[in-house]
Amino acid sequence: MTAMPDTEDASETDLAKHDEDDDYVEIKEQMYQDKLASLKRQLQQLQEGTLQEYQKRMKKLDQQYKERLRNADLFLQLETEQVERNYIKEKKAAVKEFDDKKVELKENLIAELEEKKKMIESEKLTMELTGDSMEVKPIMTRKLRRRPNDPVPIPDKRRKPAPAQLNYLLTDDQIMEDLRTLNKLKSPKRAVSPSSPEHVPSAPTEYPAQRFEARIEEGRLYYDKRWYHKSQAIYLESKDNTKISCVISSVATNEIWVRKTSDSTKMRIYLGQLQRGAFVIRRRSAA
């Protein structure tokens, strides 16, 4: 009799638990359906572009995009201005260098042509003087000879233009060698006259016939066991005891150019002249 109530109480408890479980499952199912419906609604809004979160992120991305575009435009503008400034600067430098080189080339060519002109005029004058001294004999014979003999020496005298034509075919070294030979031939005649004491310390006595070591290597002159370079101050001594204060303006392959400090005129000195002693170089202080 006492066991029956326990069984009924147990069955009622089980029924209550079963009802609670059904309610929980039903609530859980409702929450799932609500969540699913919310996600479907958000998906629909996302596809339509009306989702608020999507719009916020798109607005942020658009701001970042515009900011990056603005920075890129500013950077491009700055780089373009810098390139243009560099281009203008380099162009001006190139034009200035071109103009300077053109002026320098023109001045060098003018100086070289002037030097050649002076050399040719000096050679012509020397040859004319030498020719006049050689014409003394024909003039004396012309006064002593008779008229019937006139046609015989005339062809010999009219051949004087030939040496002038040959001078233009000679090289500069050959011209200077001829000048040196002529100077040697002329110096004994001057020494014969005892009434001219100024010729006692003559050029051959001051600079005897000797060879000097002179060569050019890597834009520098090696002369008499010393090195000379561009812009170096020197004294230039010639055979006629003339001492000139100069500055080396350039060093070429077979010659050097010097500029006189007195009048800024330029002279060209060949290696052969230095080796033969036609000109002697001495160092001097730049001051």
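The values are calculated or read from the model by the stated rules, or taken from the named source; none is laboratory data. What you see is a predicted model; the values in this text were computed from it and never measured. Note: accessible area is taken over every heavy atom of the protein model, side chains too, but ligands, DNA and RNA are not part of it. Shrake-Rupley method; radii C 1.70, N 1.55, O 1.52, S 1.80 Å.
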Task: Between the range 224-287 and the range 74-108, the Cα center-to-center distance that results, in Å - done: 37
Open item on the list: Whole-Hz ³J(HN,Hα) for each residue in the range 225-239, computed from phi via Karplus 6.51 cos²θ - 1.76 cosθ + 1.60 with θ = phi - 60°, x for glycine and proline: what do you get?
Closed with: 6, 9, 9, 10, 10, 5, 6, 8, 7, 9, 10, 10, 10, 10, 5
TODO: Report ³J(HN,Hα) in whole Hz for each residue of the range 241-258, in order, from the Karplus equation J = 6.51 cos²θ - 1.76 cosθ + 1.60 where θ = phi - 60°; Gly and Pro get x.
DONE: 6, 8, 10, 10, 8, 9, 10, 5, 8, 7, 10, 9, 7, 10, 7, 10, 10, 10
- [ ] Please list the non-local residues whose amide H lies under 5 Å from the amide H of Tyr228, H modeled 1.01 Å from N, same-chain partners needing a gap of 5 or more.
- [x] Leu221, Tyr222, Tyr223
Open item on the list: Taking the full set of protein chains and a 1.4 angstrom probe, give the accessible area of Arg41 in square angstrom, rounded to the nearest 10.
Closed with: 130
Open item on the list: Heavy atoms of the protein only, probe of 1.4 Å, neighbouring chains included. What is the accessible area of Tyr65 in Å², nearest 10?
Closed with: 130
Open item on the list: What does the extension gain come out to for Leu61 and Arg226, with contour length at 0.36 nm per residue minus their alpha carbon separation?
Closed with: 51.6 nm
Open item on the list: Using 24 Å as the Cα-Cα cut-off, could you pick out the over-long pairs in Lys102/Lys124; Lys117/Lys260; Lys28/Lys56; Lys116/Lys260; Lys124/Lys266; Lys101/Lys230?
Closed with: Lys102/Lys124; Lys28/Lys56
Task: Phi to ³J(HN,Hα) by Karplus 6.51 cos²θ - 1.76 cosθ + 1.60 over the range 89-100, Hz, x for Gly, Pro - done: 5, 5, 5, 4, 5, 5, 5, 5, 5, 4, 5, 5
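What full-extension length gain, to one decimal in nm, is calculated for Leu46 and Asp240 as 0.36 nm per residue of separation minus the Cα-Cα distance? Write down the numbers at each step before the final one.
On the way: separation 194, 0.36 × 194 = 69.84 nm, distance 10.84 nm.
That pair, Leu46 and Asp240, stretches by 59.0 nm at full extension.
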TODO: Can you sort Trp257, Trp227 by 1.4 Å-probe accessible area, starting with the largest?
DONE: Trp227, Trp257
